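Trainee: One structure follows; several queries about it will come next.
The values are calculated or read from the model by the stated rules, or taken from the named source; none is laboratory data. Everything quoted here is computed from the prediction, not taken from an experiment. Cβ sites come from the backbone with ideal geometry, for glycine too, and all protein chains shown count toward neighbours. SASA here: full protein model, heavy atoms, side chains in, ligands and nucleic acids out. Shrake-Rupley method; radii C 1.70, N 1.55, O 1.52, S 1.80 Å.
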Amino acid sequence: MAVKISVFQSLVFLFYRFILRRYRNPKPKYQKCPSSLLQSDLSRDTLIFNLERALLKSDSLFPYFMLVAFEAGGVIRSFLLFILYPLISLMSHEMGVKVMVLVSFFGVKKHGFRAGGAVLPKHFLEDVGFEMFKVLRKGGKRIVVSYDLPQAMIEGFLRDYLEVEVVVGREMKVVGGYYVGIMEDKTKHDLVFDELVRKERLNTGRVIGITSYNTSLHRYLFSQFCQEIYFVKRFDKRSWQTLPKNEYPKPLIFHDGRLSIRPTLTNTLVLFMWGPFAVLAAAARLFVSLCIPYTFSIPILCFSGCRLTVEINDVVSSQKLNSSERKGCLFACNHRTLLDPLYVGFSLKEKNIKTVTYSLSRVSEILAPIKTVRLTRDRVSDGQAMKKLLSEGDLVVCPEGTTCREPYLLRFSPLFAEISDVIIPVAVTSPATFFYGTTASGLKAFDPLFFLMDPYPTYTVQFLNPVSGVTCQDPDGKLKFEVANHVQSKIGKALDFECTSLTRKEKYLILAGNNGVVKKN
């Protein structure tokens with residue numbers, strides 16, 4: 001009897017699934033134009049987006065796996081993925097994704113994988129379609145599903161920067177704390193999606209799916225649970241605009257990784273072709289800057305592709321001439337790369353310039369052509385050390401304490417405001433072409449080399465009008481903060497950068513999970 005009931009229940013379930021659900025709603029739920037949702041009130045509805053098919057402009061997943069391979073695995077792994085891609089393109093879509101996952105993730109430590117939250121968000125944001133983003137923002141609750149990308153790659157970007165409440169991606173298999181390069185079976189992924197949507201239907205009563213025509217599996221799964229389905233055509237994506245930076249729900253202030261260029265197939269080919277020449281160029285530029293006097297090294301470096309633009313006014317020149325009483329000038333500049341003080345020295349044609357740093361690798365200290373002094377984070381001893389250096393000559397300080405790649409200024413530490421009666425603010429910019437000359441989680445000893453590996457390493461140095469330091473007693477300790485904030489605002493206005501109160505500690509906690517202290521090794 002129990003068997004008969006089980007068979008009867010199965011027949012009823014099949015009848016319900018394939019007959020009743022097909023004809024119970026006389027109105028078609030398939031819609032062609034998702035942009036029409038912009039005129040609808042979706043504040044009480046749940047929106048389910050297919051990430052790679054309905055939210056991103058590009059259909060190619062190669063750049064994202066190349067970023068993982070390069071940043072988490074290194075040059076050899078990324079080159080392997082590159083040379084295998086012609087073969088991958090001949091495979092089915094699903095098999096090609098599996099191979100890219102295997103090459104990119106095999107042997108990567110799960111605990112140390114930070115590319116998903118530190119590297120990929122920048123490149124994902126630059127690929128989001130503005131039209132679909134506006135639809136996404138109108139939803140009462142937002143769910144984003146990916147059938148091809150691992151959860152570790154997309155969760156940080158979607159939750160932190162697009163403010164998506166629920167992210168459903170493919171889970172990765174882990175053995176001994178390391179990824180083995182294999183994703184969990186799609187059946188498990190579909191069960192999670194099934195349970196999630198059923199719960200949302202009970203809570204909201206209306207679920208709207210936005211996916212693509214291209215994959216029948218996506219169409220089938222969405223049709224089982226969504227009252228309305230909107231399809232995105234590949235042709236429509238060509239007319240999408242890129243999401244503007246001022247429309248980001250959360251500003252992208254911090255990001256990590258060495259590659260500044262989006263590693264499409266063509267760009268990756270250019271990168272690997274330029275690679276051998278880049279190493280030679282960086283070595284030659286480093287040798288010239290270390291071993292040849294400024295008078296001769298500057299034109300040689302310009303001939304090799306280095307670009308330096310200097311803006312200096314008569315007021316700053318007069319301060320330099322009248323600095324004999326102080327024996328040195330204090331230059332306070334924003335921090336873009338490790339080479340900021342060096343380029344200030346290039347701009348002044350002065351090699352006897354000095355700088356201080358919070359943490360610097362031993363290799364960088366040895367290679368530095370100017371004197372560098374490591375601060376101890378003790379206010380009294382650091383202030384005395386800076387005053388001593390200033391009495392010996394010109395001193396360059398970076399009050400932010402760490403670099404920032406985007407057009408933002410971090411909080412300026414007020415210590416520099418107490419060591420000199422005159423402060424010369426310096427605004428510097430250094431746009432990257434191929435590589436970033438900074439890192440939060442990588443080897444800092446390679447920072448100057450990556451900067452010099454760019455085809456055209458570029459710097460703009462702008463000397464601003466001097467600012468008065470704290471020359472009198474400051475019992476409340478407020479004046480030094482006012483001076484520091486004033487210098488920050490002057491530099492921000494000159495560069496059209498936004499001033500923030502974020503600190504070095506916050507940056508390293510976000511990108512590297514530490515406080516940013518570099519050991520002497």
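Matching residues to (1) open to solvent by less than 70 Å² (accessible area, probe 1.4 Å); (2) not in a helix (DSSP H, G or I):
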position	(1), (2)
SER60	yes, yes
PHE65	yes, no
ALA72	yes, no
ILE76	no, no
LEU80	no, no
LEU87	no, no
GLU94	no, no
VAL97	yes, no
MET100	yes, no
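Trainee: When you go through SER468, SER430 one by one, which is the residue that is at pLDDT below 90 and among the polar types (S, T, N, Q)?
Mentor: Exactly one residue qualifies, and that residue is SER468.
Trainee: Restricting to region 251-274, count the residues that are open to solvent by less than 40 Å² (accessible area, probe 1.4 Å) and within 21 Å of TYR64 (Cβ to Cβ).
Mentor: 12
Trainee: Sort out which residues of region 95-130 are farther than 19 Å from ARG258 by Cβ, out of contact with any Leu (no Cβ under 8 Å at 6 or more places or on another chain) and touching a residue at least 24 places away in the same chain (Cβ under 8 Å), and write them in order of number.
Mentor: Of everything in region 95-130, those that are farther than 19 Å from ARG258 by Cβ, out of contact with any Leu (no Cβ under 8 Å at 6 or more places or on another chain) and touching a residue at least 24 places away in the same chain (Cβ under 8 Å) turn out to be LYS98, VAL101, LEU102, PHE106, GLY107, LYS110, HIS111.
Trainee: So, one more: Could you check, for region 167-178, whether at least one of its residues is within 16 Å of LEU67 (Cα to Cα), open to solvent by 10 Å² or more (accessible area, probe 1.4 Å) and either among the hydrophobic types (A, V, I, L, M, F, W, C) or in contact with a helix residue (DSSP H, G or I) (Cβ under 7 Å, 6 or more places away or on another chain) (or both)?
Mentor: No - not one qualifying residue is present in region 167-178.
Trainee: Here's another thing I want to ask about it. Which numbered condition in (1) open to solvent by 60 Å² or more (accessible area, probe 1.4 Å); (2) closer than 13 Å to PHE435 by Cβ; (3) touching a strand residue (DSSP E or B) at 6+ places or on another chain (Cβ under 8 Å) is the only one that THR309 fails?
Mentor: (2)
Trainee: Restricting to region 116-145, what's the tally of residues that are open to solvent by 10 Å² or more (accessible area, probe 1.4 Å), in a helix (DSSP H, G or I) and under 19 Å from PHE65 (Cβ atoms)?
Mentor: 2
Trainee: Residues that are open to solvent by less than 20 Å² (accessible area, probe 1.4 Å) and of a type outside the set (Gly, Ala, Ser): list the strands (runs of 3 or more DSSP E) wholly contained in region 350-443 that include at least 1 such residues.
Mentor: 354-357, 395-397, 422-429
Trainee: Go through region 331-381 and give me each residue that's of a type in the set (D, E, K, R) and out of contact with any Cys (no Cβ under 9 Å at 6 or more places or on another chain).
Mentor: Matches in region 331-381: LYS349, GLU350, LYS351, LYS354, ARG362, GLU365, LYS371, ARG374, ARG377, ASP378, ARG379.
Trainee: Report, by residue number, each residue of region 41-58 that is open to solvent by 10 Å² or more (accessible area, probe 1.4 Å) and closer than 20 Å to VAL128 by Cβ.
Mentor: ARG53, LYS57, SER58
Trainee: Here is a follow-up. Go through (1) of a type outside the set (D, E, K, R); (2) at pLDDT 95 or above; (3) within 24 Å of the chain's Cα centre (by Cα); (4) more than 27 Å from LEU47 (Cβ to Cβ) for LEU125 and report which single condition fails.
Mentor: (4)
Trainee: Further question: If you check ASP148 against the conditions, is it of a type outside the set (Lys, Arg) and not in a strand (DSSP E or B)?
Mentor: Taking the combined requirement at face value, the residue does not satisfy it.
Trainee: Looking at this structure, is LEU410 of a type in the set (A, V, I, L, M, F, W, C), touching a Leu at 6+ places or on another chain (Cβ under 7 Å), within 30 Å of GLU498 (Cβ to Cβ) and touching a residue at least 24 places away in the same chain (Cβ under 8 Å)?
Mentor: yes
Trainee: Still on this structure: Among what's in region 23-40 and is surrounded by 11 or more Cβ atoms within 10 Å (Cβ to Cβ) and assigned to a helix (DSSP H, G or I), pick the residue that is modelled with the lowest pLDDT.
Mentor: For region 23-40, the residue satisfying everything is SER35.
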